Every structure is written in structure tokens, then in C-alpha cells.
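Shown next, in C-alpha cells, is the structure this report addresses.
Derivation of every value follows stated rules applied to the coordinates shown; laboratory data play no part. Keep in mind the model is a prediction, meaning the values are calculated, not measured. Cβ coordinates were reconstructed from backbone atoms using ideal geometry, including for glycine residues, and neighbour counts include every protein chain displayed.
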Amino acid sequence: MFGGASAEELQQKAEGLYERGDWGGAKLELDRALEKAEGEALREAIAKRIDDCCDAIARDRIGEAERLVEEGNLELAMQELESALEVVASDAVRAEAQAVVDRLERDDAIEHATSEEMSDEEVLTLVMSRWEDAQGEEYEEYGQPFLDAILLLHRGELKEGRAALEALFEDAEAPRYLWLELGLVRRLDGDRAGAREALIEFIDSLADDEKGDAMLAAYVELALIADEDDEFEEAMAFFEQAVEEFEDDYRPLLAMGRFLRRHELATEAVDVLEVAKESLDELRPDWRVMQELGLAYREAGRGEEAIGELEAVVSYLTERKHLDYPPETVVPLAELHESHGKKERAADLYATLTRGSDTANHARYHGEAGRLLAELGLKDEARRMLKRGVALAEDDDALRSELEERLDAL
């Protein structure tokens, strides 16, 4: 209280941290400043800025939760949202977090529900809760026939549901999202040409200020349809249109880069993904871009850069205490480290996967960790890993035999 920086100096330092996006650091400095502050006006200003920091931290965690949802990790997303609700200061940001919680709970209910377990009314309530406002307003105009089509599709009656959707166009005055629904259903029904026509109609029907996730999803669907028809250039054209329409959004570039890499065009994928990485928010990067760029570097023969990007993914997740690392990142990273002579790091990475959710491959991960530990001369540790691998491989005769041979060789 009687030494060190003054309340005003701490407040100024906190502002610098806040502007750089270090909201946690800024809050710590402001907490210290509040202890030293004299005068009601100064204390109120500091307290308000502390609330701003809390809201910024909460919004950061909400954003991280949204990314985790896209990755399919609902449990970790809910943890982020619970953390956001604990730290949030304002009612407005609290409502944002709670809205995402409510949506995830509805989505989880939809995922785990079956038509046998739910009434038609319950199905429709859950499906409708996922629509955007503009979608809901349009679908309401179509009345019960549209809802009947949704129920048919929910029950797996694809052709009947498709026919019901197509019949709605006879009286629809200005269909927009109906084209999107029909395009997705036609693709499921194997009608790629019809799906393409419907998705293009949907995109063309949107106004300039309606460039949302639905439009982006439609472009990606169109690109994938073209690829299924062996029309690579047309697929690329759809990706390029998406990039042009969403010029400040890295997601079309990520989708394009992934597409190029899977077509074994690693160099081209690197070029696209490097641009995607430059478009990221430095304070809240999307680790999927780093992963995809790392894999592209690897396939382009740029091993050191690949290691750097993939290690950045591991670090990013570790900092956020997400320790169930994706095998798509860790296995290539372990292979790269081994090829660069860093067997200890490779063994450590495989060991982390033995504790993860990819239980189907736990035996293999134990085996790889054991092999590397044996090569490092750590026979006791290797033996423990291999024994566990043998026990887990009881349903895989070939793998169990391979691991037993390694164990016998120790």
C-alpha cells in the first residue's frame, strides 16, 4: 500500500495490457490499482475497467467455446462457457454466454434423441430452435406442409421429404432458405446436379448484407459437389468465390487449403493457408489453421516449419488446459520429431495420446511409445508401455503379436 507504483501508474499499465488483449493481466494490475486508489471518481473508473476486463475475458471464452463446438468437443465447450459465466460482469455478455449454453443443450438433445423417443411436437420444437430468425420467418409462411416435410426427413424418409419440399415451391412467393434445404436434401439423395442448382439459387437470393454462415456453407457444399463430379477447376472457382465474398474471414481459405492438401497439392495449400494464418485474430487464433498449415508444410517437405506449426497447436491447447490432443496433430508431429532424431519428444507425444479420448488406438499409441523408449535405452519404461499395449490389443491379433515380439526383444 505504501510503496511501489501508484494507482494511476498501475491503471496506465493496465490500459496498455488491455489494448494488447491481455485482459487477464490488465485485471490483475487494476485490482492492485483499486487497492491503492483514493477518491471516489478514480475508484469508480478503475472498477468499471475491471468489469470491462471481465467481460473481455468472458467473450474470449465464449469464442473458444464456439470453436470447440465446431470441432465437435461439446464437453470442453461447456466448460469454457461455465468459466465465462463465472467471470462475466455485465448482464449483456452474461446473456451471450447463456444463449450459447442454451443452444448447445438443445443441439445435444437433438443429437441424442431418436424419433422413437420423441413425439413429432418435440422433434419440431428442437429443430426450430436451430433456425436463424430469417429462416424461421420464411418457414412459418409455408405452414404445416413444411413441418410435415421436416418430420419425414427426420424419420429417414428422404425421397418423401424431398418431394414434400419441392411441392412447396408451387405456392412460395420468394423462396430463399427453402432452396438451401432442398439443396442439402438433394445432395443426400444423390442428385448432385439438382443440389447444385438449388444451392446456387439460394446464394443468388441473398442480399449483400446477408452474407452469413449459411452462404459460406453453401459455397463449400458446391465446391465439394463439383469435386465429387471430378470438376476440380469448378470446385476451386466456388472456393474462390467464397474467399471473395468473405474477404475478411479466414474460414474459406481454411476450407480451400484443406481441399488442396487432400488433392496432394501441398505447395498450393501452403500458399493459401499462410494467407489464412495472416487473417487470424492474433489474440484468439484458430488452431485448426495452424494444424492444417503444419500438415501442408509436412507434405511439402518443409519439416522444420511443420514441427513449428504443429507444436504451436499443442502449446495453444495446453495453455487452455485442453489436454485431449487431436491425433491428427500429434501423430504427424511425433513422426516428424522421430525423423529429425528427437525420439524422446516423439515418445512423449505418443504417451499423451494413450491418455486421450481416441481409445480405439490406445494399443497402437502404447506400442509406438514403447518402441521409441526401447530405442532410447529406457527398457523399464518401454516394457510398461508395451505390456499395456498388449493388454489393450486383445481384439487385434496382428497388433498384439507385433507388440509381443517387441516385448520379447527387450
statement: For the range 147-249 the translational diffusion coefficient, Stokes-Einstein from a Kirkwood Rh over Cα pairs at 20 °C and viscosity 1.002 mPa s, in µm²/s, is roughly 151
statement: Here the relative contact order (percent) of the chain, from C-alpha pairs under 8 Å and at least 6 apart, is 5
query: Name the residues of the range 243-277 whose amide N is less than 17 Å from a point 7 angstrom out from the Cα of residue 208 along the C-beta direction?
result: 244-248
Structure-based [θ]222 nm, the chain - -39500 (n - 2.57) summed over DSSP H runs of at least 4, per residue, nearest 500: -25000 deg cm²/dmol
statement: If the chain between residue 74 and residue 124 were fully extended at 0.36 nm per residue, the gain over the current Cα-Cα distance would be 15.8 nm
message: Using the crude model of +1 on Lys and Arg Cβ and -1 on Asp and Glu Cβ, and no other charge, please compute the dipole size for the range 338-409 relative to its Cα centre, in debye to 20.
response: 340
query: What's the FRET efficiency of residue 171 with residue 231 using the Cβ-Cβ distance as r and R₀ = 56 Å, to the nearest 0.05?
result: 0.95
Packing-based exposure ordering (other Cβ within 10 Å, fewest first) of 179, 131: 131, 179
FRET efficiency, 1/(1 + (r/R0)^6) with R0 45 Å, evaluated for residue 395 and residue 321 via beta carbons: 0.85
task: Let me know the charge dipole size of the range 7-112 about its Cα centre in debye, to the nearest 20, where only the beta-carbon of Lys, Arg (+1) and Asp, Glu (-1) is charged.
output: 320
- request: Please work out whether the range 7-112 counts as rounded, prolate or oblate from its C-alpha gyration tensor, where a ≥ b ≥ c are the square roots of the eigenvalues and a/c under 1.5 means rounded, while otherwise a/b larger than b/c means prolate and anything else oblate?
  value: prolate
message: Taking 0.36 nm per residue of sequence separation and subtracting the Cα-Cα distance, how much length would be gained by fully extending the chain between residue 102 and residue 340, in nm to one decimal?
response: 81.0 nm
message: Please give the charge dipole size of the chain, origin at the Cα centre, charges +1 on K and R Cβ atoms and -1 on D and E Cβ atoms. Round to the nearest 20 debye.
response: 2460
field: Answer label, with volume of the Cα convex hull per residue in Å³ calculated from the coordinates and candidates (i) 165; (ii) 183; (iii) 211
entry: (iii)
- prompt: Most exposed first by the Cβ proxy, i.e. fewest other Cβ within 10 Å, how do 267, 354 rank?
  reply: 267, 354
- prompt: Would you list 236, 128 from fewest to most Cβ contacts within 10 Å?
  reply: 128, 236
- line: Taking GluC sites (Glu not before Pro) in a DSSP loop with at most 15 other Cβ atoms within 10 angstrom as exposed, one finds the longest site-free stretch of the chain at 283-393
